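Data block below; observations after.
The values are calculated or read from the model by the stated rules, or taken from the named source; none is laboratory data. Owing to the predicted nature of the structure, the values given are computational and were not obtained by experimental measurement. Reconstructed Cβ throughout: ideal geometry from the backbone, glycine too, with neighbour counts over all protein chains shown.
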Amino acid sequence: MKKSIFVIAAVVLTCLLTWSLVRSDNHESAEEKIDKSQIIIAEYKWNGELHQISLAELEAAIAELPTYRQRNYATKAGKAEYLEDYINEKLKLLQAKDAGFDKLLEHLKKMDDYTHQLMVEKLTEIEVDAKVSYTDEDLKAYFDAHKSEYIEAAKARAICITLDDEDLANETLDQIKAGTDISEMAKKLYEENKLAANGPGSSSQEDPGNTFFFTKSGSPNWSEFIEAVFEMEIGEMTDTVFETDVNDETFYLIFRKEEHQPERQKELEEVKSDVERKVEREMKRTRIFEWIDAISLSAKLKTYPENIPVPVQPETSEEESNNPEK
């Protein structure tokens, strides 16, 4: 009963807590002279024992948060807001300990597992991360051996008018053949809201009709259009309306090939960050195997896989034996 009274008293005390952070946020020069560990911003009692929270403790807790969250608690009001959450967690932890949850075997095992994980991670930093390094020659050697992975695919760009009205498409093509530039026609149809949505060249508000550069694998839905553009010469335009089906819908296209960039081999400097990442990963993998081999040798490791019993197979009925497909 006494313990319960203290729990209720602590919660009530938390709700009634008032505190002051004793300084204005714009006095940073004076901040260094303040002993923040002596500034008490909250206190509570638990089972007769007085607990106090200092400004230094609160700021240390905030400093452990991710950077993006720390910004939320940089001001006086922000710190006061976090203080309430911080106290609540403290009180819940104390009540959990009173309930004996800190001695549950399942919790202790999880703590051991996590401790072991942290120990191995720290040792790995020392035995692997700190012992792996590479030179520019290593990067070049990897790049030369994997050049095929760093080839930029051929690209093409076109001016394309995409319509979902066949009659309008034919009228548009006639006007272009009569002398209207395809780019001007694309702008006009865009302003009139007649271009088909999501078609090649339809999405650019500043430059209607411009497909921008795309590769042969750019969009499976528009593969027929893409293949046709890649087969054209620069400056060549469709003689007739190009008809294609996409998702059970028929579109009518008029397009002119504007540019073509052939496939090219990228230079090392263009892909250096990716090469560094892969070289480092390979070196770490190699170092891990070396480390494990050394540990195994030191421990005089022996394995006996032949002693692993073969799992007993469940018995099958005669009917299942005669019908193995069931």
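If the requirement is being in contact with a helix residue (DSSP H, G or I) (Cβ under 7 Å, 6 or more places away or on another chain) and among the aliphatic types (A, V, I, L, M), which of these qualifies: Ile308, Ile254? Quick ask: steps written out before the conclusion?
Working: Ile308 fails: in contact with a helix residue (DSSP H, G or I) (Cβ under 7 Å, 6 or more places away or on another chain).
Step by step, each of Ile308, Ile254 is checked, and only Ile254 is in contact with a helix residue (DSSP H, G or I) (Cβ under 7 Å, 6 or more places away or on another chain) and among the aliphatic types (A, V, I, L, M).
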(request) For residues that are within 24 Å of Ile40 (Cβ to Cβ) and not in a helix (DSSP H, G or I), tally how many sit in region 59-107. (result) 4
(request) Identify the residue in region 137-150 that is within 29 Å of Ile292 (Cβ to Cβ) and loosely packed, with under 11 Cβ neighbours inside 10 Å and, among all such residues, is farthest from the chain's Cα centre (by Cα). (result) Glu137
(request) Please determine, by comparing only the residues of region 89-103 that are touching a helix residue (DSSP H, G or I) at 6+ places or on another chain (Cβ under 7 Å) and touching a residue at least 60 places away in the same chain (Cβ under 8 Å), which one is farthest from Ser54 (Cα to Cα). (result) Asp98
(request) Could you figure out which of (1) in a loop (DSSP other than H, G, I, E, B); (2) in contact with a helix residue (DSSP H, G or I) (Cβ under 7 Å, 6 or more places away or on another chain); (3) modelled with pLDDT of 95 or more isn't true of Gly235? (result) (2)
(message) Quick check on my filter: what residues within region 151-209 are under 16 Å from Phe242 (Cα atoms) and under 31 Å from the mean Cα position of the chain (by Cα)?
(response) Gly199, Pro200, Gly201, Ser202
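Right, Gly201: touching a residue at least 24 places away in the same chain (Cβ under 8 Å) and not charged (D, E, K, R) or not? Talk me through it step by step, then tell me what you get.
Working: touching a residue at least 24 places away in the same chain (Cβ under 8 Å): yes; not charged (D, E, K, R): yes.
It is true that Gly201 is touching a residue at least 24 places away in the same chain (Cβ under 8 Å) and not charged (D, E, K, R).
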(request) Filter region 231-249 down to residues that are surrounded by fewer than 12 Cβ atoms within 10 Å (Cβ to Cβ) and either farther than 21 Å from Lys187 by Cβ or of a type in the set (A, V, I, L, M) (or both), then give me how many there are. (result) 8
